[in-house]
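Q: Right, I'll just put the structure down here and ask away after.
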Amino acid sequence: MFKKPCGTFDEAYEKDTAMVRTPFRWVMLALLFALMFLVFPFVAGAYLLDVANNIGITIIAVLGLQILVGFTGLISLGHAAFMAAGAYTSAMLSEHLGWPFYATMPLAALVSGLLGMLVSLPALRIRGFYIAVSTVAAHYIILWFILHGGDLTMGTSGLTAHEISMGGFVFDSEFSMYYVIMGLTVLVVFLLTNLMRTKIGRAMLAVRDNDLAAEFMGINVFRTKVLAFFLSSVCAGMAGALLAHYQGLITVDQFTLIDSIWFLGMLIIGGPTIIGAIFGAIFLRLLSQLVLFMAPFIGGIFPAFSGTAVSGFTQIFFGLVIILFLVFEPRGLAHRWQITLSTFRLWPFKTPLG
């Protein structure tokens with residue numbers, strides 16, 4: 001039986017801490033993977049696959065920011081710059097040295113991670129809002145070096161990244177890249193979920209809740225925060241490398257400060273959890289596509305928002321959505337998802353989360 005008549009309750013610690021806690025959820029997870037990898041890529045067109053690929057890259061980036069915001073309680077507004085570092089590192093190794101993607105991406109992630117550690121050393125000497133300000137400064141410093149990198153980064157002209165190829169097979173379409181991007185997305189979700197079960201993950205949560213109490217318990221707070229910056233930047237570097245090889249040409253205009261702000265907005269909408277980061281990335285990316293579809297209709301009603309002004313309307317609309325979530329659902333879509341799961345698990349009893 002998938003579900004007991006009076007609700008499904010955990011009867012052992014192993015069940016309580018399991019990633020998938022009931023047979024019913026195992027079935028749902030198997031159906032989700034079947035839909036993702038066996039159905040959707042074959043029935044979706046090039047446009048939907050392109051949207052899905054960009055969502056996958058965004059999820060990896062937002063999951064990296066989740067390590068800082070949700071796990072450790074830090075705020076960074078330089079996440080897009082760490083993506084740029086990973087993108088340009090992978091593209092430079094591919095363009096100038098001819099290295100394959102399976103060699104450039106790990107190095108890009110490592111370079112971004114080390115850069116994140118370097119930025120965190122002075123940033124963590126301060127607290128709260130000032131950490132976010134220092135990461136803004138790091139954002140512009142990193143992009144300045146990219147712009148003035150000469151023939152290495154090609155400045156404002158943009159840098160070309162070769163297509164991904166493995167064993168003679170070239171991933172040169174949305175369909176083939178879908179499996180690369182979604183495969184890495186699932187891997188990152190799995191690794192970060194298990195990270196919270198380790199000593200490092202529990203130390204991050206302790207620092208987030210009360211860093212003074214964590215230090216009193218013997219946790220090295222500074223080292224934990226630096227490690228959080230490193231892992232966050234590693235995920236950003238992976239996302240940047242994927243973006244570079246997926247689009248084929250990258251410029252600094254693709255990594256703006258507003259992107260870092262929207263990454264934070266995705267965590268606000270989804271909630272500061274792993275599943276919340278996934279929900280937030282999917283929600284805002286699909287919302288942006290909806291706004292693009294509605295652009296002609298919006299321009300017909302409001303002529304001021306026609307043409308290029310639609311991009312400005314998009315920012316206004318996103319800001320309004322974030323405000324509405326802060327007011328009516330401050331814990332994000334992940335909280336609503338947990339309520340739904342508890343409703344099924346505890347039926348016919350009322351869930352205490354509502």
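The values are calculated or read from the model by the stated rules, or taken from the named source; none is laboratory data. Note that the coordinates shown come from a computational prediction; the quantities given were computed from them, not determined experimentally. Glycine gets a Cβ as well: all are built from the backbone with ideal geometry, and neighbour counts include every protein chain shown.
Yes or no, residue by residue, for (1) in contact with a His (Cβ under 8 Å, 6 or more places away or on another chain); (2) assigned by TED's automatic domain parsing to the domain that holds Val234; (3) outside any helix (DSSP H, G or I); (4) free of Cβ contacts under 8 Å to residues at least 24 places away in the same chain:
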residue: Ala84; (1), (2), (3), (4): no, yes, no, no
residue: Thr89; (1), (2), (3), (4): no, yes, no, no
residue: Glu95; (1), (2), (3), (4): yes, yes, no, no
residue: Val111; (1), (2), (3), (4): no, yes, no, no
residue: Val119; (1), (2), (3), (4): no, yes, no, no
residue: Pro122; (1), (2), (3), (4): no, yes, no, yes
residue: Arg127; (1), (2), (3), (4): no, yes, yes, yes
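Q: Then there's this: Can you tell me which residue among Ile57, Ile131, Ile75 is touching a residue at least 40 places away in the same chain (Cβ under 8 Å), part of a helix (DSSP H, G or I) and within 17 Å of the chain's Cα centre (by Cα)?
A: Every option except Ile57 fails the conditions.
Q: If you don't mind, there's one more thing I want to ask. Are any residues in the range 200-222 of a type in the set (Val, Ile, Thr) and either touching a Phe, Trp or Tyr at 6+ places or on another chain (Cβ under 9 Å) or part of a helix (DSSP H, G or I) (or both), and if so, which ones?
A: Scanning the range 200-222 gives Ile200, Val207, Val221.
Q: Report yes if some residue within the range 141-157 is closer than 20 Å to Arg208 by Cβ and in contact (Cβ under 8 Å) with a residue 12 or more places away in the chain; otherwise report no.
A: The answer is no; no qualifying residue exists.
Q: Moving on to the next point. Which of the following residues is surrounded by fewer than 24 Cβ atoms within 10 Å (Cβ to Cβ), touching a residue at least 12 places away in the same chain (Cβ under 8 Å) and not small (Gly, Ala, Ser): Pro106, Pro100? Give the steps one after another, and end with the answer.
A: Numbers: Pro106 fails: touching a residue at least 12 places away in the same chain (Cβ under 8 Å).
Unique residue meeting the criteria: Pro100.
Q: For the range 168-175, does any single residue satisfy the condition of being under 30 Å from Leu48 (Cα atoms) and either in contact with a Pro (Cβ under 8 Å, 6 or more places away or on another chain) or assigned to a helix (DSSP H, G or I) (or both)?
A: For the range 168-175, residues under 30 Å from Leu48 (Cα atoms) and either in contact with a Pro (Cβ under 8 Å, 6 or more places away or on another chain) or assigned to a helix (DSSP H, G or I) (or both): present.
Q: Does any residue of the range 233-241 turn out to be farther than 22 Å from Ile131 by Cβ, exposed (fewer than 15 other Cβ atoms within 10 Å of the Cβ) and of a type outside the set (D, E, K, R)?
A: No, the range 233-241 contains no residue that is farther than 22 Å from Ile131 by Cβ, exposed (fewer than 15 other Cβ atoms within 10 Å of the Cβ) and of a type outside the set (D, E, K, R).
Q: Also, quick follow-up: Can you name the residue in the range 137-153 that is out of contact with any strand residue (DSSP E or B) (no Cβ under 8 Å at 6 or more places or on another chain) and crowded, with 17+ Cβ neighbours inside 10 Å and is also nearest to Met117 (Cα to Cα) among such residues?
A: Ala138
Q: Which pairs turn up if I take residues in the range 230-254 that are farther than 11 Å from Ala161 by Cα and free of Cβ contacts under 8 Å to residues at least 12 places away in the same chain and look for partners that are of a type outside the set (S, T, N, Q) and crowded, with 24+ Cβ neighbours inside 10 Å with beta carbon separation below 7 Å, at least 6 apart in sequence or on another chain?
A: As it stands, the answer is none, since no pair meets every condition given.
Q: Then there's this: Of all residues being in contact with a strand residue (DSSP E or B) (Cβ under 9 Å, 6 or more places away or on another chain) and not in a helix (DSSP H, G or I) in the range 223-274, which is nearest to Phe171 (Cα to Cα)? Just the residue, please.
A: Going through the qualifying residues, I end up with Gly248.
Q: Pull up the range 177-191, narrow it to residues that are buried (at least 17 other Cβ atoms within 10 Å of the Cβ) and out of contact with any Pro (no Cβ under 7 Å at 6 or more places or on another chain), then point me to the one that is farthest from Ser232 (Cα to Cα).
A: So, considering only residues that are buried (at least 17 other Cβ atoms within 10 Å of the Cβ) and out of contact with any Pro (no Cβ under 7 Å at 6 or more places or on another chain), the one farthest from Ser232 (Cα to Cα) is Met177.
Q: Taking the range 82-97, which residues are touching an Asp or Glu at 6+ places or on another chain (Cβ under 9 Å) and surrounded by fewer than 24 Cβ atoms within 10 Å (Cβ to Cβ)?
A: His96
Q: Could you tell me whether the range 326-341 includes any residue that is among the polar types (S, T, N, Q), surrounded by 14 or more Cβ atoms within 10 Å (Cβ to Cβ) and modelled with pLDDT under 85?
A: Residues of the range 326-341 that are among the polar types (S, T, N, Q), as a first pass: 338, 340.
Checking which are surrounded by 14 or more Cβ atoms within 10 Å (Cβ to Cβ) leaves us with 338.
With modelled with pLDDT under 85 added as a condition, the list becomes 338.
Among the residues of the range 326-341, at least one is among the polar types (S, T, N, Q), surrounded by 14 or more Cβ atoms within 10 Å (Cβ to Cβ) and modelled with pLDDT under 85, which makes the answer yes.
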